[in-house]
Amino acid sequence: MGEVLKFVPVPIGGEVRTPDGRRIRAMYENPSVARRDLVNTDGTPEHEAGHGVVAELTGTPVVGMEVGLSGNVRGVTQLAWANPIAAGSSFDQSGNGYDREIVRSMGLSESAMGSAARAVKNRARDQIHEVAAEVAVKGKISGNQVREAMKDGKEGRRVVVLFEDRVGRKKKEIKTRVKGQIAMIPDIEYELPQAA
């Protein structure tokens, strides 16, 4: 029987002390990412994020996305070219008149595009949430920021974990991706007991 690897749960933005006094801290690599958890993504941010994520996942790059506009247009997602499935991503929400017009102008079925978009959205909920939160925080984001937020939704947010000795000196730093608010960090410095 081999060694047993121990894991330490570390809250993102927090720290834990090991039984022997060492400190393990975890924080987002980009501190502004923590603000995503503080915003309301309902409404326009989610609507625009749906367009952007569906577009990216069906082969159309996002150029940019903006929310918080005034008048009849509360948000916009700019794509490299028209994508009727991305337009169909809003058919289950309000504010979809222009999106329906895009699909009709291409001579395509609203029902078929809406159905295809729902299938994509159902597999990409975490990605849509991260993009919606990013655009809600910043108001305007680039296509690269959309893709990075999508990666955070799929693979987890980028986190830096610091291992410090008993007096606070940094001993090791690792970078990883974490989904959720708790990082399960292998405690690589424990003396692991040998099985009998």
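Only the coordinates and a few stated rules stand behind these numbers; no lab work does. Model, not experiment: these values are computed from the prediction. We place every Cβ from the backbone using ideal geometry, glycine too, and count neighbours over all the protein chains shown.
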Give the long-range amide H neighbours of Gly13: residues separated by 5 or more places, or on another chain, with amide H under 5 Å away, using H modelled in the peptide plane at 1.01 Å from N. Ala26, Met27, Tyr28
Using alpha carbons only, how many degrees (0 to 90, rounded to 10) separate the axis of helix 125-138 from the longest principal axis of the chain? 90 degrees
Which residue fluctuates most in the GNM of the chain (Cα springs below 10 Å): Val160, Val54, Val131? Val160
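Per-residue counts of other Cβ atoms within 10 Å, averaged by peptide: what ranking do you get for 124-130, 26-32, highest first?
124-130, 26-32
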Which aspartates and glutamates does Lys140 reach when only Cα atoms under 19 Å apart count, and residues fewer than 8 places away in its own chain are ignored? Asp37, Asp42, Glu46, Glu48, Glu56, Glu66, Glu130, Glu148, Asp152
Inter-label distance for Ser111 and Tyr98, nm, one decimal - labels placed 7 Å from Cα along Cα-to-Cβ: 2.8 nm
What are the radius of gyration and Dmax of the range 1-154, computed over its Cα atoms and given in Å? 19.3, 68
Tabulate in residue order the Karplus-calculated ³J(HN,Hα) for the range 99-104, using 6.51 cos²θ - 1.76 cosθ + 1.60 with θ = phi - 60°, rounded to whole Hz; enter x for Gly and Pro. 5, 5, 5, 4, 5, 4
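Where does the charge balance sit around Ala119 when Lys and Arg score +1, Asp and Glu -1, over other residues with C-beta under 13 Å from its C-beta? Intermediate values should be presented prior to the final figure.
Values: positive: Arg118, Lys121, Arg123, Arg125; negative: Asp92.
Surrounding charge for Ala119 is +3.
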If I fit a long axis through the Cα atoms of helix 44-57 and take the longest principal axis of the Cα atoms of the chain, what angle between them do I get, 0 to 90°, rounded to 10? 90 degrees
Longer than 19 Å from Cα to Cα, which of Lys151/Lys175; Lys154/Lys175; Lys138/Lys179 are they? Say none if no pair is. Lys138/Lys179
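Over the range 132-191, what number does the Rg to Rh ratio reach, with both radii from the alpha-carbon atoms and Rh per Kirkwood? Before the final figure, lay out each step's value.
Values: Rg = 15.7 Å, Rh = 13.8 Å.
Answer for the range 132-191: 1.13.
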Could you give P(r) for the range 86-141, binned at 10 Å from zero, as whole percent values over all Cα-Cα pairs? 23, 43, 30, 4
Rounding to the nearest 10 and keeping the result within 0 to 90°, find how far the Cα-based axis of helix 143-155 lies from the longest principal axis of the chain. 50 degrees
Per residue of the range 24-35, what does 6.51 cos²θ - 1.76 cosθ + 1.60 with θ = phi - 60° give for ³J(HN,Hα)? Whole Hz please, x for Gly and Pro, Karplus curve as stated. 10, 10, 10, 8, 5, 4, 10, x, 5, 4, 4, 5
3J(HN,Hα) from dihedral phi, the range 65-74, Karplus parametrisation 6.51/-1.76/1.60, rounded to Hz, x for glycine, proline: 8, 9, 10, x, 6, 10, x, 6, 9, 9
For the modelled label position 7 Å from the Cα of Val39 along Cα-to-Cβ, which residues of the range 142-165 have backbone nitrogen atoms closer than 16 Å? 142-153
